[in-house]
Amino acid sequence: MQYFDSELNESYTPYVIETSIGVDRTFLAIFSHALKEETLEDGSTRTLLSLPPVLAPYKAAILPLVKKDGLPEKAREIMDLLKYDFMVQYDEKDAIGRRYRRQDAIGTPFCITVDNDTLGDNSVTVRERDTMQQERIAIDQLPAYLHQRIRPIKVD
């Protein structure tokens, strides 16, 4: 396609540069890159939304191992400790493995499990979404632990 400009007495091919960037396209790119399906050692698969922790809507899920023996009450105390600094979710429905899978699918980077040992030693098990590794952390150290792992990487 050619255009002739009679004022300049020139002929040229017109072009349009349409930059298209916005929140919706950026989110779609991040979302499609982060959504994964992994095959585990036992042959089962898990769906995982591997968002960077700073972008994940929920930063942690508090999961009492069972719905009795004072574990839900202790889990609520932990939720009260964290809810002003982080977006956290409480979940006590289904078996712990199903709860882990559910949190993996929605992109929650950390699951905090309250078990019977928690009542004795005042520590919880923290499971990381991407590696599925678990670590015992004292409850009073949880805010610092999460802040350290959620903060964005500084670029100089």
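None of the figures in this text is laboratory data; all of them are computed from the coordinates on show. Computed from a predicted model, the values in this text were never measured in an experiment. Cβ sites come from the backbone with ideal geometry, for glycine too, and all protein chains shown count toward neighbours.
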Within the stretch 38-80, find all residues whose amide N lies under 17 Å from a label point positioned 7 Å from the Cα of A29 along Cα-to-beta-carbon.
51-52, 55
Report for the chain the percent antiparallel among DSSP-assigned beta bridges with both residues inside it, nearest 5.
70
Can you tell me the dipole magnitude for the chain around its Cα centre, using point charges on the Cβ only (Lys, Arg +1; Asp, Glu -1), in Debye to the nearest 20?
620
Amide H to amide H under 5 Å from I62: which residues, 5+ apart in sequence or cross-chain, H placed 1.01 Å off N in plane?
Q89, Y90, D91, I112
For the chain, what does the equivalent ellipsoid look like in terms of its semi-axes, each the square root of 5 times an eigenvalue of the Cα gyration tensor, given largest first in whole Å?
49, 18, 12
Relative contact order of the chain (C-alpha contacts under 8 Å, at least 6 apart) in percent is 19
